[in-house]
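**Student:** First the structure, then my questions, so here it is.
Just so it is clear, none of the values below were taken in a lab; they were calculated from the coordinates. Keep in mind the model is a prediction, meaning the values are calculated, not measured. Note that we place each Cβ from the backbone using ideal geometry, even for glycine, and neighbour counts take in every protein chain shown.
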């Protein structure tokens, strides 16, 4: 990569390259919101891009791990197309692989529709003379399809990112810890060498990747620590623990996300943050409980700010432990045991 | 070997010595990063924080072999040593305010070391003024030992026990992974296709049992007096069962070894016949976890305990899907006690409270045969 290209692939906190406060959607339905990264995170991202290594992000749920990838995609598109992507109508190549408990490593690369091919072959083989009756005009399609195995192939997020790229695409492997414990280990070769073979295709055209330095994917992986990840996998990743934002950062985030909606509501916001801090501290100390994250705080504030009457909102905040504020507490504290603990604490202090 | 060619190799080696399992490739990553200008952004002002951040991103991982605490400790020591060296070389060089202060030298004047204990008072504290000639305590080089900065470092809470809440839940996840069991109810598409491919025509479908997640946990806790000190370490598991994070699960008590009766967890005076507990177990679902020292605290094995345990394990093993013995006494203390023998019979299913061992045991495959026990060695 030339020096300029290396320089291009850097992320920086910038006000200009931020999506509007209410968020935008790209044609594929992904949402982009303003994002205020922490300095350490910015450095870790830049390091991962420069070294071409996957970056594993861990942190408490709701601290913005997944949003990092969107923010990076938005900023790269902004730099490349010299303007906001929603205005230019051009977006950065960005692939999300949402891992679930049944995900297999193969799914991210490609799937081969063997059953579909079997059906086509049987249609052709059993009664070719009656095909016309069954399929009408589709017969030609069927004949063409059955000659080319690649027709039954569909690529997964990582598979797509490793071919036909002009820039470095972003691949987000979200919540990798949800999958089977072998899942990360099954991805080692693909993440290391960025290539794979499609065993169903003929030998001369079955190998995908590796990409060049200028089209090498930027791989971000998030994990909620539900399961420990295997060491060989960890060794190949750079690692950053996204800490929970500090009070000042939270205030900035609120400013960015709500903009004019929070003008003249300083008292409300600061009281809400006080309550949030108290709840966070309480649940953080309690084994087995999970303190609320940034996303929950934003929901909580949305509920408060939607209230046109600031006075009512403030009184609701004061009565968080009682009936009046119960619906608000539900936005922050999700289990009954935790709610009971919080109510006791808030009730005692007020 | 020049330091320019291999920058910070001594730091890398110090981290390796302290127990981080870093590979040469990971050192190379640092070289590449430095080559691209990372880590030395504020080097002119002798700021080590950027380097610390880069090394942390490269080398620290959520694993015991890449522990952040080891990293921070070694890095602090390294920086302190380097600063001292630089000061010795250029004593007049101005040391700018570092964002992370060096290990503070003791500022307090109390408590003082009694004067008689030291050969020359003046040598130890030459700079104190006349009125204050008593020596102050001086930090000695306890290299390798973590320094406790606050009293709170000594307070343990259940979250810091070797068996954390997280480990308990992780291992439960592993233990209750789905198994195929019961009648063949599900169409195995892949095997069917394979059969068609082999035979050349469609003859019959292949069925397989449905995967189901139906594990239950039975915890047997030794509550003899000798086990009392270890009770807090069991708390995460008991808590997880009580708030139903681990379920279905049942707790029983026994003393030294379970004989004819187990005792209820909530009401310790209520005896439950062992036969009844065994009869309710399911060979494909029940996972038994035993919490006890297996005699590791007693140097001379008691014959009665040995036979008692043997009979119990022989009766238990055909009834369960898997068996794990958690022994809170560290493994190196088992030698020569009954615990070593029990560990031998159990063929590796006894572990002390090491997280990786516990998780490895939880992951052990479930065989279709009955649980294997090694025959005791006759002459002991």
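**Student:** Would you mind ranking B:43, B:172 by Cβ crowding within 10 Å, fewest neighbours first?
**Tutor:** With the fewest neighbours first, B:43, B:172 line up as B:43, B:172.
**Student:** For peptide B:213-219, how many partner chain Cβ atoms fall within 10 Å of a residue's Cβ, on average?
**Tutor:** Other-chain Cβ atoms within 10 Å of each residue's Cβ, averaged: 0.
**Student:** Specify the angular offset, from 0 to 90 degrees and rounded to the nearest 10, of the alpha carbon long axis of helix A:336-349 from the longest principal axis of the alpha carbons in chain A.
**Tutor:** 20 degrees
**Student:** Could you please state, rounded to a whole Å, how far the C-alpha centre of region B:295-313 is from the C-alpha centre of region A:141-188?
**Tutor:** 56 Å
**Student:** Which angle from 0 to 90°, rounded to the nearest 10, does the C-alpha axis of helix A:247-258 make with the longest principal axis of chain A?
**Tutor:** 70 degrees
**Student:** Can you compute the equivalent ellipsoid semi-axes for region B:9-99, i.e. the square root of 5 times each eigenvalue of the Cα gyration tensor, sorted largest first and rounded to whole Å?
**Tutor:** 24, 15, 11
**Student:** Now for a different question. Could you work out the mean count of beta carbons from other protein chains within 10 Å of each residue's beta carbon in A:44-51?
**Tutor:** 5
**Student:** OK, next. Per DSSP H run of n ≥ 4, the term is -39500 (n - 2.57); total these for chain A, divide by its residue number, and report the mean residue ellipticity at 222 nm rounded to 500 deg cm²/dmol.
**Tutor:** -14000 deg cm²/dmol
**Student:** Label residue B:314 and residue A:88 with points 7 Å out from Cα along Cα→Cβ: what is the distance between them in nm?
**Tutor:** If labels sit at residue B:314 and residue A:88, their model points lie 7.9 nm apart.
**Student:** Find the eigenvalues of the gyration tensor of the Cα atoms of the protein assembly as shown, then list the square roots of 5 times those eigenvalues as equivalent ellipsoid semi-axes, largest first, in whole angstrom.
**Tutor:** Over the Cα atoms of the protein assembly as shown, the ellipsoid semi-axes are 47, 43, 30 Å.
**Student:** Could I ask something else about it? Per-residue mean of other chain beta-carbon atoms within 10 angstrom of the beta-carbon, peptide B:57-67?
**Tutor:** What the average comes to for B:57-67 is 6.
**Student:** Which order do peptides A:40-51, B:350-361 fall in by mean Cβ count within 10 Å, highest first?
**Tutor:** Peptide ranking by packing, descending: A:40-51, B:350-361.
**Student:** Looking at chain A only, what percent of DSSP beta bridges run antiparallel? Nearest 5 please.
**Tutor:** Around 30 percent of the beta bridges assigned by DSSP in chain A are antiparallel ones.
**Student:** For residue A:164 and residue B:195, FRET efficiency with R0 = 30 Å and r from the beta-carbon atoms, rounded to 0.05?
**Tutor:** Efficiency computed from Cβ-Cβ geometry: 0.20.
**Student:** Helix A:266-285 sits at what angle to the longest principal axis of chain A, using alpha carbons and giving 0 to 90 degrees rounded to 10?
**Tutor:** The answer is roughly 70 degrees.
**Student:** I'd like the distance between the alpha-carbon centres of region A:1-70 and region A:212-260, rounded to an integer number of Å.
**Tutor:** 9 Å
**Student:** With each pseudo-label sitting 7 Å past Cα toward Cβ, what's the residue A:337-residue B:204 distance in nm, one decimal?
**Tutor:** 5.0 nm
**Student:** I've got another one for you. Could you give the nm distance between label points at residue A:151 and residue A:251, where each point is 7 Å from its Cα heading toward the beta carbon?
**Tutor:** Each label point is offset 7 Å from its Cα along the Cβ direction, giving 6.4 nm.
**Student:** If we count other beta carbons within 10 Å of each Cβ, what is the order of B:55, A:63, fewest first?
**Tutor:** A:63, B:55
**Student:** Where both partners of a DSSP beta bridge lie in region B:181-272, what percent of those bridges are antiparallel, to the nearest 5?
**Tutor:** Roughly 55 percent of the DSSP beta bridges within region B:181-272 come out antiparallel.
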